[in-house]
1. Can you tell me the relative contact order of the range 52-133? Whole percent, Cα pairs under 8 Å, sequence separation 6 or more.
2. Quick one: what are the phi-derived ³J(HN,Hα) couplings along the range 47-54, Karplus 6.51/-1.76/1.60 with θ = phi - 60°, whole Hz, x for glycine and proline?
3. What residues have an amide H closer than 5 Å to that of L143, excluding those fewer than 5 places away on the same chain, when H is modeled at 1.01 Å from N in the peptide plane?
4. Can you compute the FRET efficiency between I83 and R113 using 1/(1 + (r/R0)^6), with r the Cβ-Cβ distance and R0 = 45 Å? Round to the nearest 0.05.
5. Could you derive backbone 3J(HN,Hα) for the range 58-72 from the dihedral phi with the Karplus parameters 6.51, -1.76 and 1.60 (θ = phi - 60°), listing whole Hz in sequence and x where the residue is Gly or Pro?
6. What do you get for chymotrypsin sites (Phe, Trp or Tyr not before Pro) in the range 74-163 restricted to DSSP loop and a cutoff of at most 16 other Cβ within 10 Å of the site's Cβ?
7. Sequence-distant or interchain residues sharing an amide H contact under 5 Å with L111, placed H: which?
8. Residue by residue through the range 117-124, which ³J(HN,Hα) values in whole Hz follow from phi under the Karplus form 6.51 cos²θ - 1.76 cosθ + 1.60 (θ = phi - 60°), with glycine and proline marked x?
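Derivation of every value follows stated rules applied to the coordinates shown; laboratory data play no part. The shown structure was predicted, so the numbers you read here are calculated from the model rather than taken from an experiment. Positions of Cβ are backbone-derived with ideal geometry, glycine not excepted, and every protein chain shown enters the neighbour counts.
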Amino acid sequence: LHQAVLLIRCAERPGRGPIPRPPACYPPLMAQGIPLASEPLEPAYGRPMSIEAWEGMAEDEPGELVDGVLQEEEVADSPHEVIVSALLFLLLTWSRPRGGRVLASETKYALSRRRGRKPDLSVFFTRERKLPRSGAMKHPPDLMIEVISPDPRDRRRDRIEKLREYAA
């Protein structure tokens, strides 16, 4: 979807027609022959999936694995992102001089054979553990942080389900 938006901006001028550009300007979507008018491909939420398939998903594909089923992630609002950003800054400032690492919200953790989550932040106090270049983390960090959503529909997931899963 991001590439399609880029392509539209690159290829059109309102009221004056297309902007002449060399083919190198266009993102790979055009080279693959995907028409701009087509609907964006949605992740297959609700479909059964193995932890290995979830790990292998492209990093820009959203979703968490819950009971072997791909589920949509919550969409963070501005207050949530302000809190995550402040914590990220504080934790980076504290952990770097001590040899630690702080990872952001797209880091995947394989919590079990049927569960995979992406906490808002995770912290490793030392660099003893090697981080994988791709796929999900198989070992827990020293600290997992989930900013709690005030939305009533997210309360149970944030306060009970994720807490229980992270503690296991």
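1. Reported relative contact order: 29 percent.
2. 8, x, 7, 7, 5, 5, 5, 5
3. Result for L143 returns V123.
4. Values: r = 32 Å, r/R0 = 0.71.
Once the sixth-power term is evaluated, E becomes 0.90.
5. Couplings: 4, 5, 8, 8, x, x, 10, 9, 10, 6, x, 10, 6, 10, 5 Hz.
6. F125
7. When sequence neighbours closer than 5 places are left aside, the close amide H contacts are G116, R117.
8. Calculated HN-Hα couplings, in order: 10, 10, x, 4, 8, 9, 10, 10 Hz.
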